[in-house]
Amino acid sequence: MTELTVRAEQYADWTLLRPAGEIDLVSGRVLRERVHGAVAEGSRRVLLDLSEVRFCDSSGVGVLIAARRLLRSCGGELRLVLPEASAVAECAPVHRVFAALGVRRLFDIHPDVPSAVSGDEGEFALPA
């Protein structure tokens, strides 16, 4: 069975969700429910820290796209934390699926939580 846990905390005026494990067809509902719960509780700024996600398939990317759409529909904002693949080896598969599906441009992606919260650009190269 696919395992995904999601820790939640407040960071400045952002709801910070930290999924850990794999985001796929089976486990994606856990993350989707946490994002919907945060929005239902009034959060309009959600930060997803993907640094502990070791696998994400196309259905997992679909969950991220739906989260982005949900937040935009209510005037909110979604940002992703995705460290450079060379800095956190577990993130390499997530970088690869983003590159393969060509979805990186859809998201506001930062290498760490402080730069995501401040909005600083944290550009980095995707693996080949």
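When only C-alpha pairs under 8 Å and at least 6 residues apart count, what is the relative contact order of the range 4-118, in percent? Each step should come with its number before you reach the end.
Details: 207 pairs, mean separation 28.7, N = 115.
This gives 25 percent for the range 4-118.
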Förster radius 22 Å - calculated FRET efficiency between GLU9 and CYS74, Cβ distance, rounded to 0.05: 0.55
Alpha carbon centroid spacing (whole Å) that separates the range 94-114 from the range 6-74: 14
10 Å Cβ shell holding at most 11 others, DSSP loop, GluC sites (Glu not before Pro): longest site-free stretch of the chain: 42-120
Using a Förster distance of 35 Å, the FRET efficiency for SER115-VAL26 (Cβ separation, nearest 0.05): 0.65
Using a Förster distance of 22 Å, the FRET efficiency for ARG104-ARG44 (Cβ separation, nearest 0.05): 0.40
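How much net charge surrounds LEU48 when only other residues with a Cβ under 10 Å from its Cβ are counted (Lys, Arg +1; Asp, Glu -1)? Can you show the working numbers first?
Working: positive: ARG18, ARG34, ARG68, ARG79; negative: ASP49.
Neighbour charge sum, excluding LEU48 itself: +3.
At 4 °C and 1.567 mPa s, grab the translational diffusion coefficient of the chain from Stokes-Einstein with a Kirkwood Rh over Cα pairs, rounded to a whole number in µm² per second. Mind showing how you got there, number by number?
Details: Rh = 14.4 Å.
Translational D for this selection: 90 µm²/s.
Rule-based calculations on the coordinates, nothing more; no lab input. What you are looking at is a predicted structure, and each value in this text was computed from that prediction instead of being measured. Cβ sites come from the backbone with ideal geometry, for glycine too, and all protein chains shown count toward neighbours.
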